[in-house]
Amino acid sequence: DAGVTQSPTHLIKTRGQQVTLRCSPKSGHDTVSWYQQALGQGPQFIFQYYEEEERQRGNFPDRFSGHQFPNYSSELNVNALLLGDSALYLCASSLVSLAGTKQYFGPGTRLTVT
Amino acid sequence: EDKVVQSPLSLVVHEGDTVTLNCSYEVTNFRSLLWYKQEKKAPTFLFMLTSSGIEKKSGRLSSILDKKELFSILNITATQTGDSAIYLCAVPTQGGSEKLVFGKGTKLTVNP
C-alpha cells in the first residue's frame with residue numbers, strides 16, 4: 001500500500017519565479033492538506049482540498065494556490081517567490097472516520113529560494 | 001486563536017535514559033491530540049488521544065492526555081539513538097476540515 005508521495009524532493013528557484021509541487025495521497029484517502037515547515041518551526045497549515053475544492057485556508061497570501069484532481073492528487077502553486085518561501089512543504093492525506101481523523105504525511109519537498 | 005505549546009524545545013540525553021515531552025494546548029471544541037515523530041522529512045504518526053486519563057502505549061513510547069488541565073505528555077523509556085528526532089504535537093481545529101495546529105516540536109538527541 002503506497003503511502004503519500006510528493007515530487008520533487010528538492011527544488012531551487014530564484015526570487016520572482018513560480019513553482020508547482022505535487023502530491024499523491026495514500027490509497028483510499030480523499031482529502032489533501034498542505035503545510036509549510038520553516039526551519040525550527042512546526043508545520044503551518046496552508047490549505048486543504050476535498051472533492052476538488054479548497055475547503056479551508058490558513059494565513060497565507062494569494063500567491064499560494066492549489067488544485068485537486070479527480071484522482072485526489074493535488075498540486076501546490078506558489079507565484080512570485082520570496083526568500084521567505086524557502087521551507088519544507090508537506091502534503092498530508094486523510095480520511096474522515098468515526099474514530100477521528102489521522103493525517104498521514106508525505107516526505108515533503110524542500111524548496112530553496114535564492 | 002488556537003495554540004499548541006511544546007516543551008522543552010530541545011533535549012539531549014544518553015541512551016537508556018527516560019524522557020518526558022510536554023504539550024499544552026488551547027483550542028476551541030477539542031476533539032483529539034496527535035503526536036508525530038519527524039526524523040528527516042515526513043512526520044510519522046505515533047498516537048491519537050481523545051479520552052482523558054487513558055494511556056496509549058507502543059513499545060517504549062507511551063502518551064496520556066489530561067483534558068482538564070489541557071496538556072499531554074509523551075514518555076520514552078530506555079531511549080535509543082534511533083529515538084533521536086523532532087517530536088511534534090498537533091491538535092485539529094474546529095470546522096470539520098481537520099486542519100492541524102502544530103507546536104514547534106521538541107528536538108530530542110540521544111547520545112550513545
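Please treat every number below as a calculation from the coordinates, not as lab data. Fair warning: this is a prediction, and the values are worked out from it, not measured in the lab. Note that each Cβ is placed from the backbone with ideal geometry, even for glycine, and that neighbours are counted across all protein chains shown.
The figures follow:
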read-out	value
Sorted by Cβ neighbour density within 10 Å, fewest at the top, the residues A:V78, B:V101, A:V19, B:V12	B:V12, A:V19, B:V101, A:V78
Magnitude of the charge dipole, region B:3-111, Cβ model with Lys/Arg +1 and Asp/Glu -1, debye to 20	300
Dipole of chain A, positive end: most advanced residue of A:G106, A:G28, A:L82 [Cβ charges, Cα centre]	A:L82
Dipole axis of chain B (+1 Lys, Arg; -1 Asp, Glu on Cβ), positive-most option in B:L108, B:S10, B:L34	B:L34
Environment charge of A:G108, counting only residues whose C-beta is closer than 10 Å and scoring Lys/Arg +1, Asp/Glu -1	+3
GNM flexibility winner over chain B from B:S52, B:S24, B:S72 (Cα, springs under 10 Å)	B:S52
Amide H contacts under 5 Å for B:T44, placed H, 5+ residues apart	B:K37, B:Q38, B:E39
Positive minus negative residues near A:Q68 (Lys, Arg vs Asp, Glu; Cβ under 15 Å)	-2
Charged-residue dipole, Cβ positions (Lys, Arg, Asp, Glu), chain A about Cα centre, Debye nearest 20	400
Modelled label reach - B:K40, point 7 Å along Cα→Cβ, region A:1-17 residues with backbone N closer than 19 Å	A:2-12
Sequence-separation-based contact order of chain A, relative, with Cα cut under 8 Å and 6+ spacing, percent	36
Cα-centred dipole magnitude for the protein assembly as shown, charges only on beta-carbon of K, R (+1) and D, E (-1), debye, nearest 20	340
Contact order normalised by residue count of chain B, Cα under 8 Å, 6+ apart, percent	37
Nearest-0.05 FRET efficiency for A:A80 and B:Q80, computed from C-beta distance (R0 41 Å)	0.35
Proxy reagent accessibility, fewest Cβ within 10 Å first, across A:W34, B:W35	B:W35, A:W34
For A:I12, net neighbour charge (Lys/Arg +1, Asp/Glu -1) across residues whose Cβ lies under 15 Å away	+2
Cβ-based exposure ranking for A:T14, A:T31, in which fewest neighbours within 10 Å come first	A:T14, A:T31
Per-residue average of Cβ from other chains inside 10 Å of B:42-53	3
